[in-house]
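The values are calculated or read from the model by the stated rules, or taken from the named source; none is laboratory data. None of these values were measured; they are calculated from a predicted model. Glycine also receives a Cβ, built like all others from the backbone with ideal geometry; neighbour counts cover every protein chain displayed. Heavy atoms of the whole protein, side chains included, go into the accessibility calculation; ligands, DNA and RNA do not. Shrake-Rupley method; radii C 1.70, N 1.55, O 1.52, S 1.80 Å.
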Amino acid sequence: MNKKDKQAATPAETMAFLHSTLPFHDLDQESLHRLALRTLIDFYPADTIISHQDETEITHLHIIQKGAVKLFLTDRDGGVSLQDFRGEGEYFGALPIIQGTRANLTVKTEEDTFCLLIPREDFEQLLASEPAVTRFFLHSLSEKMVKTAYSELSRNRISPRGDGAMVLFNALSDSIMTEPEIIDASDSVIKAAQTMAERGIGSILVRLDHGRINGIITDKDLRTRVVARGLAYNTPIAEVMTSPLTTIAPTATCFDALIKMMRQGVHHLAVADGEEISGVITTHDIMVLQGTSPLYILREIMAQKEISGLYPLAQRAPEMIRAMLDDGARADNITRLITVLNDHILERLLTLLEEEMGPPPGRYCWLLMGSEGRREQTFKTDQDNGIIYEDGLEKEDIGYFKKFAETAIEHLVACGYPRCPGEIMASNPKWCRPLSDWKRYFNNWISNPEPREVLNSTIFFDFRAGFGDLSLAEELRDSLAHQTERKDIFLLHIARDCLESRPPLSFFRNFLVEKNGEHKNRLDLKTRGMVPFVDFARLYSLKHAVTETNTITRLGRLGAGGHIAQALIEETVEAYEFIMHLRLIHQLDLLNRGQEPDNYINPAFLSDLEKQTLKEAFAVITRLQNHIRLDYQMAEG
């Protein structure tokens, strides 16, 4: 395209168009008029390549006045993929101008297209002087870069599985689900059996006397509750059905349905919008969609009669996670699935251990802390756990829990969960204590905060119940929520700790890597990348009595409660998920090569897009730490 083809745009028409286009509609009339005088217009016939990736110097921001373009990415192997389609009112060319690079994508017109062209220097001046314009482009680019980087990560670092891609992340409304068959609660079980046989289905929803559908009867119910017990075939369905009905929203994904089935131990879910039921989804449906299912592994776990049978099952996580990453699953979904797998192993292990040792002499709860407590486990997660038992037990009763904890920890190690280097485990007598002692621990940390003690105690504030009497953990959580609301000095110490770990970027936005030692030329994604996000979410959750422990859920609650600006919450979640995603792919790659997973990556092996996205994610850490400094009136050290 020759420069002579560009023409000055009519100022009045340009002003009118820009005034109706984000983010220029926020400019005052004088600024808008000045920009319109500098803006050019150009015409590109259909199938014109406006810019070539890595070749074209970008001299103008292009805003599509009429027509449409396609944006293509060429990867390192020469493969070309469509990245985006943009139409009237949308733009291209902003990222190369901001970064000072050549075109990052190839842009080709889909049809005859007119573009308004804002000179590079004028666009840069807008970014420097107009906060609304700056926020719009940086937020928009962040979203686009993250989505593209996720795609590139999966494409470049995970070998394709071939046919049969997972569709776990489709909405239920877009997926295969059975039309609901409905029967009255007063009908007989023989009618239910005949209907199932005629329709070739394995379940029927049940309408109760008041007309509401709130029950289900399955073919398994007929076998175990009717035939096995010798009930008459005219027995009313109401006597053998399951009620209330377990439901899920049609906007939920198949993955959400899978997680709900796994956690609640059911095989059928009614898809319901309020009281209107549109279908039923079953474990079989999900297996048909996916070709395989994590439910198989969970069934194996729950079927084990010996603890040693659990040892190899914990090693099955990579095969599930690889399939999910291959199909574009995001980090939060993956860690949720890992958590469910680990929780089932723990539940089965402790259940079998109780059978071996005899019933516990009192109420107790197995606590999970750290990443386990936050439901953020990856392929390399040390044990962080403890036991709360009820007050008033005899010495010999306490001895039961000591032996129970020591044996459980050994079995967990055999399952592949390493010991905690800091001995934060139930086998340590300090962390196998009655409820009153646990309350005292937290009260001391909060009421008499010593900097080192506060730093060492943060892991405990992410606890959740893992097994046993959950009410003990709930009572401890309630006690904690009331204490932290009024302990400003404690929160100040937590805030200071949040500022200790700086993002691994230099003044010139280069990566800061280890200079020597075992991890030379690599950076620690966990300590330098993820921990600052976790710390931020924990600090403000304690401040505002948010009882959730998962980092992304905490951030969501803080945004919904108006405690943190929603724009900051959104970019924080995007950045945190990207770093976690990169960490998971790195660990899976090491496992595939027969190596132990770790948290250290060499940035030199990342693509340009991955590097840029990672730098943007690290830059969010600086914004979070500035938020803390402002909130707690701390000077930058």
Dipole check, region 336-476, charges on Cβ (K,R +1; D,E -1), about Cα centroid: among Pro451, Ile345, Tyr441 the Cα furthest to the positive pole belongs to Pro451
Go through 304-310, 522-528 and give me the packing order, highest mean Cβ count within 10 Å leading.
522-528, 304-310
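From largest to smallest, what semi-axes in whole angstrom does the chain give when each is the square root of 5 times an eigenvalue of its alpha carbon gyration tensor?
So the three semi-axes of the chain are 49, 35, 24 Å.
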Loop-only check: which GluC sites (Glu not before Pro) in region 348-410 are DSSP coil with at most 10 other Cβ within 10 angstrom?
Glu394
Would you mind checking which residues have amide H under 5 Å from Asp84's amide H? H placed 1.01 Å from N; only 5 or more apart, or other chain.
Leu71
Heavy-atom accessible area of Val413, protein chains in place, probe 1.4 angstrom, given in Å² to nearest 10, is 60 Å²
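What full-extension length gain, to one decimal in nm, is calculated for Glu275 and Glu57 as 0.36 nm per residue of separation minus the Cα-Cα distance? Walk me through the numbers on the way to the answer.
On the way: separation 218, 0.36 × 218 = 78.48 nm, distance 5.77 nm.
Extra length available between Glu275 and Glu57 comes to 72.7 nm.
Between Val266 and Ala481, what's the calculated FRET efficiency when r is the beta-carbon distance and R0 is 35 Å? Round to 0.05. Could you put the intermediate results ahead of the total?
Details: r = 31 Å, r/R0 = 0.89.
Approximately 0.65, to the nearest 0.05.
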Pull up all non-local amide H partners of Asn104: gap of 5 or more, or a different chain, and H-to-H distance under 5 Å with H placed in the peptide plane.
Asp54
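Sum -39500 (n - 2.57) across every DSSP H segment of at least 4 residues in the chain, then divide by the residue count to get the 222 nm mean residue ellipticity, nearest 500. Before the final figure, lay out the partial values.
Details: 21 runs with 284 residues, N = 637.
Computed ellipticity for the chain at 222 nm equals -14500 deg cm²/dmol.
Convex hull over the alpha-carbon atoms of region 486-637: what's its volume per residue in Å³? Intermediate results must be reported in sequence, preceding the final value.
On the way: hull volume 20.2 nm³, N = 152.
Spread over its residues, the Cα hull of region 486-637 gives 133 Å³ apiece.
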Can you give the angle from 0 to 90° between the axis of helix 551-560 and the longest principal axis of the chain, with both taken from C-alpha atoms, to the nearest 10?
70 degrees
So how much accessible area does Phe85 have, in Å² to the nearest 10, using a 1.4 Å probe?
110 Å²
Pull up the DSSP beta bridges for region 172-288 and report the antiparallel fraction as a percent, rounded to 5.
75 percent
Whole angstrom only: what separates the Cα centroid of region 401-453 from the Cα centroid of region 305-381?
18 Å
Given region 360-404 reduced to its alpha-carbon atoms as identical point scatterers, what log10 I(q)/I(0) does the Debye formula return at q = 0.19 Å⁻¹?
-0.64
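Is the C-alpha gyration tensor of region 391-550 telling us rounded, prolate or oblate? Criteria: a/c under 1.5 is rounded; beyond that, a/b larger than b/c is prolate, otherwise oblate. Could the numbers behind the result be given before it?
On the way: a/c = 2.53, a/b = 1.40, b/c = 1.80.
Here region 391-550 falls in the oblate category.
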Limiting things to C-alpha atoms, what are the Rg and the maximum Cα-Cα separation (Dmax) for region 172-288, in angstroms?
13.9, 41
Taking all protein chains in place and a 1.4 Å probe, what share, in percent, of the accessible surface of the chain do carbon and sulfur account for?
49 percent
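How long are the semi-axes of the equivalent ellipsoid of region 186-248, defined as square roots of 5 times the Cα gyration tensor eigenvalues? Whole Å, largest first. Provide the component values of the computation, followed by the final result.
Details: eigenvalues 62, 35, 26 Å².
Whole-Å semi-axes of the equivalent ellipsoid: 18, 13, 11.
Percent of Cα-Cα pairs more than 26 Å apart in region 11-141, please. Let's see the in-between values first.
Working: 1624 of 8515 pairs.
When every Cα pair of region 11-141 is considered, 19 percent fall beyond 26 Å.
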Work out from phi, with θ = phi - 60° and the Karplus expression 6.51 cos²θ - 1.76 cosθ + 1.60, the ³J(HN,Hα) of each residue of region 621-633, listed in order in whole Hz, and give x for Gly and Pro.
4, 4, 5, 5, 5, 5, 4, 5, 4, 5, 5, 9, 6
Alpha carbon centroid spacing (whole Å) that separates region 464-535 from region 564-635
13 Å
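What ranking of Thr134, Thr235 comes out by heavy-atom accessible area, probe 1.4 Å, highest first? Write out the running numbers ahead of the final one.
Values: Thr134 35, Thr235 15 Å².
Output order, biggest surface exposure first: Thr134, Thr235.
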How far is it, in nm, from the label point at Met357 to the one at Asp631 when both lie 7 Å from their Cα along the line to the Cβ?
4.0 nm
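Got a sec? What order do Thr251, Thr218, Thr74 fall in by accessible area at 1.4 Å, biggest, i.e. largest, first? Before the final figure, lay out each step's value.
Values: Thr251 120, Thr218 15, Thr74 55 Å².
Heavy-atom accessible area, descending, gives Thr251, Thr74, Thr218.
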Dipole of region 172-288 (Lys/Arg Cβ +1, Asp/Glu Cβ -1, origin at the Cα centre): which of Gln194, Ala272, Gly211 lies farthest to the positive side?
Gln194
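Please work out whether region 336-476 counts as rounded, prolate or oblate from its C-alpha gyration tensor, where a ≥ b ≥ c are the square roots of the eigenvalues and a/c under 1.5 means rounded, while otherwise a/b larger than b/c means prolate and anything else oblate?
Details: a/c = 1.68, a/b = 1.08, b/c = 1.56.
Judged from the Cα gyration tensor, region 336-476 comes out oblate (a/c at least 1.5, b/c at or above a/b).
Quick one: dipole size for region 486-637, taken about the Cα centre, charges +1 on Lys/Arg Cβ and -1 on Asp/Glu Cβ, in debye to the nearest 20.
Dipole magnitude for region 486-637 comes out near 340 debye.
Normalised radius of gyration for region 445-498, please: alpha carbon Rg relative to 2.2 N^0.38 Å, two decimal places. Write down the numbers at each step before the final one.
Numbers: Rg = 12.3 Å, N = 54, 2.2 N^0.38 = 10.0 Å.
The value comes to 1.23.
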Among Ala604, Asn510, Phe578, which residue has its Cα positioned farthest towards the positive end of the charge dipole of region 486-637, with +1 placed on the Cβ of Lys and Arg, -1 on the Cβ of Asp and Glu, and the dipole taken about the Cα centre?
Asn510
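Taking the Cα centre of region 172-288 as origin and charging only Cβ (+1 Lys, Arg; -1 Asp, Glu), how large is the dipole, in debye to the nearest 20? Kindly include the intermediate steps, with their values, before the conclusion.
Working: 10 positive and 15 negative charges, 106 e Å.
My answer is approximately 500 debye.
Can you classify region 512-590 as rounded, prolate or oblate using the Cα gyration tensor, where a ≥ b ≥ c are the square roots of its eigenvalues, rounded means a/c under 1.5, and otherwise it's prolate if a/b beats b/c and oblate if not?
In terms of gyration-tensor shape, prolate.
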Can you pull the accessible area of Leu127 for me, 1.4 Å probe, Å² to the nearest 10?
40 Å²
